[in-house]
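Below is one structure, written out as structure tokens; the observations come after it.
The values are calculated or read from the model by the stated rules, or taken from the named source; none is laboratory data. Computed from a prediction, not measured in an experiment: that's the story for all the values here. Cβ placement follows ideal geometry from the backbone for every residue including glycine, while neighbour counts extend to all protein chains displayed.
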Amino acid sequence: MAQINDNYLKLKAGYLFPEIGRRVAAYAKANPSAKIIRMGIGDVTEPLPATIVEAMHRAVDEMSRRETFRGYGPEQGYDFLREAIAKNDYVSRGCDIAADEVFVSDGSKCDGGNILDIFGPRREDNVIAVCDPVYPIYVDTNVMAGHTGAADEKGEYQGLIYLRATADNHFSPAIPNQRVDIVYLCFPNNPTGAVATREQLAEWVEYAQANESVILFDAAYEAYITDASIPHSIYEIPGARDVAIEFRSFSKTAGFTGVRCAYTVVPKTVMGHAKPGASDPGSRGAGTSIPLHQLWNRRHTTKFNSVSYIVQRAAEATYTDAGRQQVRALVAFYLENAKLIREGLISAGLTCFGGVNAPYVWVKTPKNKTSWDTFDLLLKEANVVVTPGSGFGISGEGYFRVSAFNSRENVTEAIGRIRRVV
Ligand code: PLP
């Protein structure tokens, strides 16, 4: 009989969103006339901008003609897209990133999990730090890869370092007072909506340089930054290209959650260590530093066959003048939702964070209720689905997340209903 990867058995059974789904389904079944508004899962609602759709149509037409048909593309992505990304997202912001350091993919969720392929597989190889609360993928993929022990009674895994993000530190955790090899940072943050200042990111880069750590920087929500002083990329910080890998996605920027396109930047100067006698293919011998770019390139070309030509042309269109304008309008629409949510809930007496540089509003529960009690209250009394903060980690207890990804009509209606019951 085949042996399973029994690390999967360590995963907590009730993953957040299935549990939400279960409770909502049970309520909806018992109350078929209830008009439930879902402000929980962060999925976009608005259609793709016209320029992007036109680019896709043109690409479809190319695929229909023998002369312009495309089969497999380069695994790392077409040059036209890698170049547009490097130029528009990095060089234009003064970041020293080249097109061949950009790897196009079908999603940041996949990249965030797959990146672990290029790091030491054993639990003792790396000390890994995550923030708490956290986008659950960073934790669960490390559990699956065998980098942790079992979960304790609070649901935290042995071996992971949890960096607490609380109202006291404005949801930007302090630098750890121990050495870690890999640290996940996400700014603007899901779920708290917090951002990191230039000074805070510079501290992280300095820490990583001093400890030879690698920062895995998730910038999926960078397009939502409204404050001009906040960096959009970790590479805006001098020295970051030696210590950081950055994940970006078109999902929340351009409405690509269903289209699927993202990218990971692995600068050629970020290094990892090979054990003595191990794996530098050219020079077997002493333990040595290996560019992570070399490994990620190998991984990507071996396990991935890139993103469809049509989708890459669609992503490229986000960088045209018209595309940029339309994408900005889309982001502005969700940001206006976030503002309405934030202001509506504050005026109902709730304490709110985020929602200014991010599409998520992080709300303190009313009357010190638990996150799940508040979830149940809002589901049953307001027919509004939010995300319980405790599902993102123990520091999320006492909070709930409201997503701005919805129609204006739903946002207005949901806020009115929540205000009536808190
Ligand atoms: N990173 C963060 C922080 C997210 O919140 C999400 C999606 O919700 C993703 C990555 C996933 O992005 P993608 O749709 O590219 O897989």
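Here are the numbers for the structure shown:
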quantity: Residue match in segment 289-297 (condition: surrounded by fewer than 22 Cβ atoms within 10 Å (Cβ to Cβ) and within 16 Å of the ligand (Cβ to nearest atom)); calculated: no
quantity: The listed residue being touching a Phe, Trp or Tyr at 6+ places or on another chain (Cβ under 8 Å) and under 30 Å from Met144 (Cα atoms), out of Ile20, Ile36; calculated: Ile20
quantity: Residue among Val402, Val411 that alone is assigned to a strand (DSSP E or B), buried (at least 23 other Cβ atoms within 10 Å of the Cβ) and not polar (S, T, N, Q); calculated: Val402
quantity: Pair list, Cβ < 8 Å and 6+ apart or interchain, from segment 9-38 residues that are outside the structural domain of His147 (by TED's automatic domain parsing) to residues that are among the basic types (Lys, Arg) and not in a helix (DSSP H, G or I); calculated: Val24/Arg38
quantity: Filtered residue count, segment 233-246, keeping only those that are assigned to a loop (DSSP other than H, G, I, E, B) and surrounded by fewer than 20 Cβ atoms within 10 Å (Cβ to Cβ); calculated: 2
quantity: Evaluation of Met56 against (1) assigned to a helix (DSSP H, G or I); (2) over 22 Å from Gly107 (Cα atoms) (one fails), failing number; calculated: (2)
quantity: Leading residue by the ranking (farthest from the ligand (Cβ to nearest atom)) among those in segment 254-266 that are in contact (Cβ under 8 Å) with a residue 24 or more places away in the chain and surrounded by fewer than 22 Cβ atoms within 10 Å (Cβ to Cβ); calculated: Val259
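Yes or no, residue by residue, for (1) over 19 Å from the mean Cα position of the chain (by Cα); (2) surrounded by fewer than 24 Cβ atoms within 10 Å (Cβ to Cβ); (3) of a type in the set (D, E, K, R):
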residue: Asn169; (1), (2), (3): yes, yes, no
residue: Ala174; (1), (2), (3): yes, yes, no
residue: Arg179; (1), (2), (3): yes, yes, yes
residue: Ile182; (1), (2), (3): no, no, no
residue: Pro188; (1), (2), (3): no, no, no
residue: Val195; (1), (2), (3): no, no, no
residue: Leu201; (1), (2), (3): no, no, no
residue: Glu206; (1), (2), (3): yes, yes, yes
residue: Glu212; (1), (2), (3): yes, yes, yes
